[in-house]
Amino acid sequence: MTEANPLIVFTPSGKRGRFPMGTPVLQAARALGVDIDSVCGGRAICGRCQINIGEGEFAKHGITSTQSHVSPVSKVEERFDRIRGLAAGRRLSCQTQILGDLVIDVPPELQVHKQVVRKEADTRAIELDPCTRLCFIEVEEPDMHKPSSDLERVYRALKDQWNIENVSCDLAIIADLQKILRKGEWKITAAVFSRAPGGGNRLVAIWPGFHDRAFGIAIDVGSTTIAAHLTNLSTGEVAASAGLMNPQIRFGEDLMSRVSYVMMNPGGEKEMTAVIREALNTLTQQVVAEAGIALTDVLEIVLVGNPVMHHLFLGIDPVELGGAPFALATGLPVTVPARELDLKLNPGAWCYVLPCIAGHVGADTAGVVLSEAPHEQDEIMLAVDVGTNAEIVLGSKARLLACSSPTGPAFEGAQISCGQRAAPGAIERIRIDPVTLEPRYRVIGSELWSDEPGFEEAVSATGVTGICGSGIIEVIAEMYLAGVINQDGLVDGSLAAISPRIEPYKRTFNYLIRDGEPRIQITQNDVRAIQLAKAALYAGVRLLMDKLNIEEIGKIRLAGAFGSHIDVKYAMILGLIPDCDLTHVQSAGNAAGTGARIALLNSKARDEIEAVVRRIEKIETAVEPKFQQHFVEAMAFPHKTAPSPHLSKVVMLPPRKDIVIGDGNDDDGGGRRRRRRG
């Protein structure tokens, strides 16, 4: 236990600070601007300030969090639990005092401004050939002169009326068969799954009479967000979509911190498997309720996710993915009964998981490949799923390569002083006047810009709470275009003479976007965090370009929730992606989720992606000697050495600039003064 001023880390916001022993958690949360709801003034009446206390060693934060680091359950909480009920492990933050270092999770349903999960289903023409289909059959009635069982006659009807042979089923189907046959007066609807392990067809569900509801769910399990799309297997239409924050965030913001949690906390993998499966069931219930169907109408589910998520939702310990050689327990496609994953669907439903490509290039990237089809292109295509770990595919029909690059959570608002995840009140668009250095911005939840009449009234309900990923990309790029930072990412303190927006901070300078509560500004460390993230991504792409011996890319597709909402021009100004004709750079939307839907609706697509994955060449950036050189050169905006002919046609890039700084520019350093050259 820490002797004084324990460190408190809130998830999923990532906000942190030190507070004296005995400080109520709700007070600490409010001081940091954490999104905890409370309407009763901390009197334990409303119950809306509930939290979960992290249990275990959190290597990313360098702390151990445990229930003993908070005050015991108070009589007030006991009374609330008796009257209203508290979920297991929950505490009321207004009644819980800090006694040591803590990681505290704010449940998504209790956040004031709920996360905007931006992983909508893309409209896409998909050839319908699902693995599960409904077959209405008329079964011959029993006859003493032709003795046979009811099940045999069902199989015969499937063969005679639908040409479906080699059928098997579970005992549960047989147990219900006679009642259903007689209730339907020998007419039933059978659901048949055609890709059961070992071959053959599987009778997975039966209904008396005619039944025309057959649905499947495609789910993209991201490290930050999870998106589900309930799809009609007969028409291909998306009946409902829903998303939520991945509850594993409380164990660590990025993948490696979750693997570290498992390493340091025995049984941690079981905890994370349990919460991710619970989240999948929650999403399933949401989309089923929205569509007005029964859970028993859901006959199939297709899952994609990065390798760590893949292992955890399958119930596999991911520890081997935490270090070289990053060995997968399995990268092969998985087909199992959904009930084996504790998924509450039709009891006979099946689950298909797309194959992984490599130790850090997962089934989600396989989904992107299936959606964007780089393996069918004549020209070179780059597909990037931008997240806490960027997964990169480059090539054409001739050759495909893949790698991953550890970008970290900075693009999603974590590790940024005023960063936050996408939610109402977050700045998502920003422009900076190059003469006055005055900013104007737009927030999620309002179409007005900050310099337009009515803006303050429009955002009064949410306030302006921070900057989300797309806003962070734009503000750093705009600071570069306006000369606030130079090509090396250094804040130009001399501009303080012409604008109060440039504020001294220790031995560096900040750029103030909005004064007030909270105060929103970009620090030198924020710029560095984005440089490190974007350089890692660019270096991974450049490494694959070297392998293909190319200098230019024909098409670029940015996938994922983050990639879908950034302005591609600003991504290129930042140097997030190589120079390319901007008309050929597009958002791929939730391409991983689209790939999962394609696999759900088209049986042959599963054969296709399994074959393509086998021929993708995997490049491990950690053992490539050129990666570090590419990384260092990519730290500059847009890049230290690579030309930008396409970008220069649409944007006036600023001239190179020298800035005189003190050593220790990243924090409060010290030492002699020196000159940085671009």
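The values are calculated or read from the model by the stated rules, or taken from the named source; none is laboratory data. Keep in mind that what you see is a predicted model, and the values were worked out from it rather than measured. All Cβ positions, even for glycine, are placed from backbone atoms using ideal geometry, and neighbour counts span all protein chains on display. For accessibility, only protein heavy atoms count, side chains too; no ligands or nucleic acids. Shrake-Rupley method; radii C 1.70, N 1.55, O 1.52, S 1.80 Å.
Contact list please: Cβ distance under 9 Å, first residue in the range 173-202 and under 24 Å from LEU600 (Cα atoms), second residue small (Gly, Ala, Ser) and in a helix (DSSP H, G or I), pairs at least six apart or on different chains.
Final answer for the pair search is ALA190/ALA157; SER194/SER603; ARG195/SER603.
Mind counting the residues in the range 338-388 that are out of contact with any Lys or Arg (no Cβ under 7 Å at 6 or more places or on another chain), small (Gly, Ala, Ser) and within 25 Å of ILE473 (Cβ to Cβ)?
4
One line per residue, one yes/no per condition, for (1) in contact with a Phe, Trp or Tyr (Cβ under 6 Å, 6 or more places away or on another chain); (2) in a loop (DSSP other than H, G, I, E, B):
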{"site": "SER417", "(1), (2)": "no, yes"}
{"site": "ARG431", "(1), (2)": "no, no"}
{"site": "ARG440", "(1), (2)": "yes, no"}
{"site": "LEU448", "(1), (2)": "yes, yes"}
{"site": "GLU452", "(1), (2)": "no, yes"}
{"site": "GLU456", "(1), (2)": "no, no"}
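Taking the options VAL259, VAL288, name whichever one is crowded, with 22+ Cβ neighbours inside 10 Å and modelled with pLDDT of 95 or more.
VAL288
Please determine whether any residue of the range 319-332 is within 30 Å of ILE173 (Cα to Cα) and either in contact (Cβ under 8 Å) with a residue 12 or more places away in the chain or open to solvent by 20 Å² or more (accessible area, probe 1.4 Å) (or both).
Yes.
Just give me the residues in the range 436-449 being under 18 Å from ILE472 (Cβ atoms), open to solvent by less than 30 Å² (accessible area, probe 1.4 Å) and without any contact (Cβ under 8 Å) to a residue 60 or more places away in the chain, in sequence order.
The answer is VAL443, and nothing else.
Residue by residue through the range 105-147, note down the ones that are closer than 30 Å to ASN602 by Cβ, modelled with pLDDT of 85 or more, open to solvent by less than 100 Å² (accessible area, probe 1.4 Å) and of a type outside the set (A, V, I, L, M).
Within the range 105-147, ASP129, PRO130, CYS131, THR132, CYS135, PHE136 meet the criteria.
Between a residue in the range 561-574 that is without any contact (Cβ under 8 Å) to a residue 12 or more places away in the chain and over 19 Å from PHE637 (Cβ atoms) and any residue that is of a type in the set (Phe, Trp, Tyr) and surrounded by fewer than 21 Cβ atoms within 10 Å (Cβ to Cβ), which pairs come within a Cβ distance under 6 Å, given they are 6 or more apart or on different chains?
none
Mind checking which residues of the range 372-386 are of a type outside the set (Val, Ile, Thr), touching a residue at least 60 places away in the same chain (Cβ under 8 Å) and open to solvent by 10 Å² or more (accessible area, probe 1.4 Å)?
Once the filter is applied, which keeps residues that are of a type outside the set (Val, Ile, Thr), touching a residue at least 60 places away in the same chain (Cβ under 8 Å) and open to solvent by 10 Å² or more (accessible area, probe 1.4 Å), the range 372-386 yields GLU372, HIS375, GLN377, GLU379, ASP385.
Taking the criterion of being open to solvent by 10 Å² or more (accessible area, probe 1.4 Å), modelled with pLDDT of 95 or more and basic (Lys, Arg), would at least one residue in the range 208-227 satisfy it?
Among the residues of the range 208-227, not one is open to solvent by 10 Å² or more (accessible area, probe 1.4 Å), modelled with pLDDT of 95 or more and basic (Lys, Arg), which makes the answer no.
To keep it simple, each residue is scored yes or no on (1) within 30 Å of VAL221 (Cβ to Cβ); (2) open to solvent by less than 10 Å² (accessible area, probe 1.4 Å); (3) touching a residue at least 12 places away in the same chain (Cβ under 8 Å); (4) not β-branched (Val, Ile, Thr).
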| residue | (1), (2), (3), (4) |
| --- | --- |
| MET479 | no, yes, yes, yes |
| GLU503 | no, no, yes, yes |
| THR508 | no, yes, yes, no |
| LEU512 | no, no, yes, yes |
| ASP526 | yes, yes, yes, yes |
| TYR538 | yes, no, yes, yes |
| GLY554 | no, no, yes, yes |
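Which residues, counting only those in the range 598-638, are open to solvent by 20 Å² or more (accessible area, probe 1.4 Å) and basic (Lys, Arg)?
Residues satisfying the conditions are LYS604, ARG614, ARG615, LYS618, LYS626.
Kindly provide the set of residues from the range 505-522 that are over 18 Å from SER450 (Cα atoms), in contact with a strand residue (DSSP E or B) (Cβ under 8 Å, 6 or more places away or on another chain), at pLDDT below 95 and not charged (D, E, K, R), ordered by number.
Within the range 505-522, just THR508 meets the criteria.
For the range 567-593, what are the residues that are in contact with a Gly (Cβ under 8 Å, 6 or more places away or on another chain), crowded, with 23+ Cβ neighbours inside 10 Å and not in a helix (DSSP H, G or I)?
Listed by number, the list holds a single entry, ASN590.
Against the definition (surrounded by 24 or more Cβ atoms within 10 Å (Cβ to Cβ), of a type in the set (A, V, I, L, M), touching a strand residue (DSSP E or B) at 6+ places or on another chain (Cβ under 8 Å) and modelled with pLDDT of 95 or more), how does ALA402 come out, yes or no?
When the stated conditions are applied, ALA402 passes them.
Take the residues in the range 341-359 that are closer than 25 Å to ALA390 by Cβ and small (Gly, Ala, Ser), then tell me which one is modelled with the highest pLDDT.
Here the answer is ALA358.
Can you tell me how many residues within the range 74-91 are of a type outside the set (Ser, Thr, Tyr), closer than 19 Å to ALA29 by Cβ and free of Cβ contacts under 8 Å to residues at least 60 places away in the same chain?
Counting residues in the range 74-91 that are of a type outside the set (Ser, Thr, Tyr), closer than 19 Å to ALA29 by Cβ and free of Cβ contacts under 8 Å to residues at least 60 places away in the same chain gives 7.
Does ASP150 meet the test of being in contact with a Lys or Arg (Cβ under 8 Å, 6 or more places away or on another chain), of a type outside the set (Ser, Thr, Tyr) and at pLDDT 70 or above?
It is false that ASP150 is in contact with a Lys or Arg (Cβ under 8 Å, 6 or more places away or on another chain), of a type outside the set (Ser, Thr, Tyr) and at pLDDT 70 or above.
Taking SER564 as the residue in question, decide whether it is outside any helix (DSSP H, G or I), buried (at least 17 other Cβ atoms within 10 Å of the Cβ) and of a type in the set (S, T, N, Q).
no
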